[in-house]
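Taking it in order: structure first as structure tokens, then the write-up.
The values are calculated or read from the model by the stated rules, or taken from the named source; none is laboratory data. Computed from a predicted structure; not experimentally measured. Methodologically, a virtual Cβ is constructed for each residue, glycine included, from the backbone with ideal geometry; neighbour enumeration extends over all protein chains shown.
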Amino acid sequence: MLKKVFLLFMVFCCVASTAMAKKRVIVFAVDATWPPMEFVNAKKQIVGFSIDYMTAAGRLAGFIPVFKNVAWDGIFAGLAGGNYDAICSSVSITEERKKTMDFSIPYYKVRQALVVPVNSKAKTLKDLIGKKVGAQIGTTGYFAIQRVKGVIPKSYDEIGLAMQDLINGNLAGVVCDDPVAANYSRQKKGFKEKLKIASIIETGKAEYYGIAVKKGNKAVLDLINKGIRLVKEKGIDKQLIKKWIK
Amino acid sequence: MGEKAPVKIEVTDGAAIPEEKDSGLITAWRISFFGSLALIIGLCVFKPDPYLEILEFVPDGIRVTFEVTIISIVLSFFVGLLTGLGRISKNRVINLIASTYVEIIRGIPLLVQLFYIYYAVGSFTRIPPFFAAILAMTICYGAYMGEVFRAGIESIDYGQTEAALSLGFNKRQTMFYVILPQAMRTILPPVGNEFIALLKDTSLVSIIAVADLLRRGREYATSTFHYFETFTMVALIYLLITLVLSKFVSIMEKKMTPYE
């Protein structure tokens, strides 16, 4: 009897190991408060442009993406600490960040947008000198505000809180990535009637989203790059832009 | 007729108030205080990048933390006094209002209260962040202080009230001229303890974009990625401030209980 069980167990192990050896699991950390790129839907699932992009990349390159909801504030510290393999959270590629982590090839071109109340006359950040402008802590939007001298930057844990403060009247503007700005000012009920995009902030340099991995993690980086390349070849990224970013 | 030993109310959420019996050279307080002071100075001298940078980045945050703490503690002292008096009042309506206030506020976490006042209520009326922070801290700590006041007042022997009434004081005069001054001796040490707890709780106001010490630390860490160094420094600064305050509270306690 025991021999039969043992044999069955060996067969199971062989089958299971060949099945498992096929696809590697890559755990992505996501700060799912950034609609429409990554957010939590009514069914409490993490969805969005980046999620669909990575799922498609995984299907084509041969890895299984698993998405973990992680707060933005500690997301880079967690990567360095090895809590997950990669960050798929609309992370803009910057020289500063390249010093502490490795990036994949870009998967989306992004610009910073200035969102203001619907009846505001401000057009650029320079019009808001002396006033408070909000952004999510540690994002390129926040750094963009800091670059304009005289504007008072306010940092928020989540972009949604900054937007809420904007319509409450405590801020003169919010700077964030343009898909998110468009989502809040054109689609979100309760926000779209009160907000508008004043302008796109031109910094002269193009800004791109990339997947961040721990410095030196070549294996995961190569898989992800392969996936992104294949998605771009097949034109799936254009379909996703049409689906999520109107 | 000996004096009854004054009631001591222990509130257990503050830093360890050094006891009288700690009279040796090496005490926990001294190790913590001089240790953290030496650590801050040492780190800044031997590794100015990034420790000195962090120290130069946060002073306005420290000022905001102090402002929120001091204004909140003063306001919640008065709210606590009113609440405590309300809870022992014979007037049913006042008693119910005070008791319900205490029940509700003690049942909701301070972080939730902060969110609620700033974002939820703030969507109907405009509330500036600094004001919202102070409002939330005052409401929350006023409830706890109310209980401290109530316990302090109730600890005064009823004989005092009887004597005052028989001397011709009315109820209000008894309370303000006889009971409260004596109750203060029991009440002020735990109030000091609450002061320290409030200072640590002000770290929560960083959630409503008030630029306090923790928020400044987080802003620095998320743009330079020096997480370990930043939070080490922030923790040491909070520790230093808390230790200094707990020393003051211990001195005050000594003055309040000369009979022990």
_Matching entry among A:180, A:175 (being in contact (Cβ under 8 Å) with a residue 24 or more places away in the chain, outside the structural domain of residue A:82 (by TED's automatic domain parsing) and in contact with a Pro (Cβ under 8 Å, 6 or more places away or on another chain))_ = A:180
*Which of the following residues is surrounded by fewer than 19 Cβ atoms within 10 Å (Cβ to Cβ), at pLDDT 90 or above, among the aliphatic types (A, V, I, L, M) and under 25 Å from residue A:245 (Cα atoms): A:30, A:25, A:66, A:91?*
A:66
*crowded, with 23+ Cβ neighbours inside 10 Å, assigned by TED's automatic domain parsing to the domain that holds residue A:95 and among the aliphatic types (A, V, I, L, M), is that true of residue A:224?*
yes
*If a residue has to be polar (S, T, N, Q), without any contact (Cβ under 8 Å) to a residue 60 or more places away in the chain and under 22 Å from residue B:188 (Cα atoms) to count, how many in the range B:65-98 make the cut?*
1
*of a type in the set (D, E, K, R) and closer than 29 Å to residue B:256 by Cβ: does that describe residue B:92?*
no
*For the range A:185-234, how many residues meet the condition of being touching a Ser or Thr at 6+ places or on another chain (Cβ under 7 Å) and among the polar types (S, T, N, Q)?*
2
*the range A:209-219 - residue that is in contact with a strand residue (DSSP E or B) (Cβ under 6 Å, 6 or more places away or on another chain) and more than 17 Å from residue A:48 (Cα to Cα) and, of those, surrounded by the fewest Cβ atoms within 10 Å (Cβ to Cβ)*: A:215
*Output the qualifying pairs, or none if there are none: Cβ atoms under 6 angstrom, residues six or more apart or on different chains, first residue in the range B:151-166 and under 12 Å from residue B:8 (Cα atoms), second residue surrounded by fewer than 15 Cβ atoms within 10 Å (Cβ to Cβ) and not polar (S, T, N, Q).*
B:155/B:7
_From the options B:253, B:194, residue that is surrounded by 17 or more Cβ atoms within 10 Å (Cβ to Cβ) and touching a Pro at 6+ places or on another chain (Cβ under 8 Å)_ = B:253
*Quick one: count up the residues across the range A:83-113 that are of a type in the set (Gly, Ala, Ser) and more than 14 Å from chain B (Cβ to nearest Cβ).*
4
*Within the range A:98-130, can you find the residues that are part of a helix (DSSP H, G or I) and over 25 Å from residue A:199 (Cβ atoms)?*
A:98
*Considering only the range B:148-260, give the helices (runs of 4 or more DSSP H) lying wholly within it that have at least 3 residues that are among the basic types (Lys, Arg).*
B:213-224, B:227-256
*Within the range B:101-124, which residues are surrounded by 18 or more Cβ atoms within 10 Å (Cβ to Cβ) and among the β-branched types (Val, Ile, Thr)?*
B:102, B:105, B:117
*Show the residue pairs that are 6+ apart or on different chains and have beta-carbon atoms under 9 Å apart, the first residue being within the range B:214-239 and within 11 Å of chain A (Cβ to nearest Cβ), the second being basic (Lys, Arg) and assigned to a loop (DSSP other than H, G, I, E, B).*
B:225/A:99
_Search result, residues across the range A:156-184 that are small (Gly, Ala, Ser) and crowded, with 24+ Cβ neighbours inside 10 Å_ = A:162, A:173, A:181
*asked:* If a residue must be closer than 18 Å to residue B:183 by Cα and either buried (at least 17 other Cβ atoms within 10 Å of the Cβ) or charged (D, E, K, R) (or both), how many such residues does the range B:50-81 contain?
replied: 5
*asked:* Looking only at the range A:36-52, count every residue that is assigned to a loop (DSSP other than H, G, I, E, B) and closer than 20 Å to residue A:210 by Cβ and tell me the total.
replied: 3
*residue B:186, sole failed condition from (1) among the polar types (S, T, N, Q); (2) within 30 Å of residue A:154 (Cα to Cα); (3) crowded, with 19+ Cβ neighbours inside 10 Å*: (2)
*Have a look at A:212, A:181, A:162, A:198 and point out the one that is more than 14 Å from chain B (Cβ to nearest Cβ), small (Gly, Ala, Ser) and closer than 22 Å to residue B:222 by Cβ.*
A:181
*asked:* Among the residues of the range A:87-99, are any among the acidic types (Asp, Glu) and in contact (Cβ under 8 Å) with a residue 40 or more places away in the chain?
replied: no
*Quick one: which residue in A:113, A:57 is closer than 16 Å to residue A:179 by Cβ, over 15 Å from the mean Cα position of the chain (by Cα), touching a residue at least 60 places away in the same chain (Cβ under 8 Å) and crowded, with 18+ Cβ neighbours inside 10 Å?*
A:113
*Select from the range B:97-140 the residues that are away from chain A (no Cβ under 14 Å) and either assigned to a loop (DSSP other than H, G, I, E, B) or touching a His at 6+ places or on another chain (Cβ under 6 Å) (or both) and list them in ascending order.*
B:107, B:108, B:109
